[in-house]
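Peer 1: Got a structure here, written out as structure tokens. Questions coming.
Since every read-out is calculated from the coordinates, none of them should be taken as a lab result. What you are looking at is a predicted structure, and each value in this text was computed from that prediction instead of being measured. Neighbour counts run over all protein chains shown; Cβ positions are idealised from the backbone, glycine included.
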Amino acid sequence: MARETELFDLINCEWQRLQPHLVGSFTTQTFRKLIESEAPQVWSILVNRYGPGGKGSGNYYSPSNILFNYLRDKARKGDVVNRGYVPSLRGWGSHIVVQWELANQILPPATEEDREFIEGKQALRTHLVRERAAGLRGHLLRARLPTGLSCDICGVTGIELEEDIRDAVFEVHHASEPLSDGGEKRTTIDDLALLCACCHRLIHRLVSVRGQWVSISEAQEFIGNRNS
């Protein structure tokens, strides 16, 4: 188990960089191909230890087993979701594989606020896409943990909740004003706000009602502090 944990740590060093490639659902098989192409140094270590694996290799345990166990561990931690078994592509040792999806890409149905927020406005539509980019929420949560999590509008901390579920209170909001042409822009921590789900919905509704961008400071004046 210690050896497998060591390999998990090795893959974890590449996880944030790999996430943008994991759009929508993916399988253990496609994750292996991603490791091969985007993290060849990791793949080389796995192959040197277990061989290439696959049908006819003569080895039951293989890099694919390590990658499956790694994704299963990510599912236990809530980073990915096990979507069940699906048929594998040709060349795989089994005729079925597990399908996965990043947890922060599984979104609730679009709300009325979202539909009004993006209707006819490419820049705002792009804003929502940026908010929901893979890994963005986790990146912001990790950056804020040292100083404590709280909503940037109302101040709610979720302190009354158990620690292992407290971060579920928060969502990421792309706080910088959308580009007028909806063009590309690199997102940094400074562009993001951490909001409770309620304030996140309220600020989107404010944008829809006013027909113009609403900053975090403007939303604070409108909503006020309700941390008490």
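Peer 1: Given points 7 Å out from each Cα along the Cα-Cβ axis, report the N48 to I216 separation in nanometres with one decimal.
Peer 2: 4.4 nm
Peer 1: Can you give me the distance in nm between label points at Q16 and A143, each placed 7 Å from the Cα along the Cα-to-Cβ direction?
Peer 2: For Q16 paired with A143, the spin-label model returns 1.0 nm.
Peer 1: Hey, rough spin-label estimate for Q41 and E4, points 7 angstrom out along Cα→Cβ, what's it come to in nanometres?
Peer 2: 2.6 nm
Peer 1: Sticking with this one: Return the long-range amide H neighbours of I153 (sequence gap of 5 or more, or a different chain), with a cut-off of under 5 Å between placed amide H atoms.
Peer 2: C196
Peer 1: Students often check this: by mean Cβ neighbours within 10 Å, which of 189-200, 155-166, 13-24 ranks highest, and how do the rest follow?
Peer 2: 189-200, 13-24, 155-166
Peer 1: Per-residue HN-Hα couplings for segment 203-218, Karplus 6.51 cos²θ - 1.76 cosθ + 1.60 at θ = phi - 60°, whole Hz, x for Gly and Pro?
Peer 2: Per-residue couplings from phi come out as 5, 5, 5, 4, 4, 5, 5, 7, x, 8, 5, 10, 7, 4, 5, 5 Hz.
Peer 1: Largest first and in whole Å, what are the equivalent-ellipsoid semi-axes of segment 2-105 based on the Cα gyration tensor, each being the root of 5 times an eigenvalue?
Peer 2: Taking √(5λ) for each Cα gyration eigenvalue gives 20, 17, 12 Å.
Peer 1: Can you give me the long-range amide H partners of T27? Hydrogens built in the peptide plane at 1.01 Å from N, cutoff under 5 Å, separation of 5 or more residues or another chain.
Peer 2: W100
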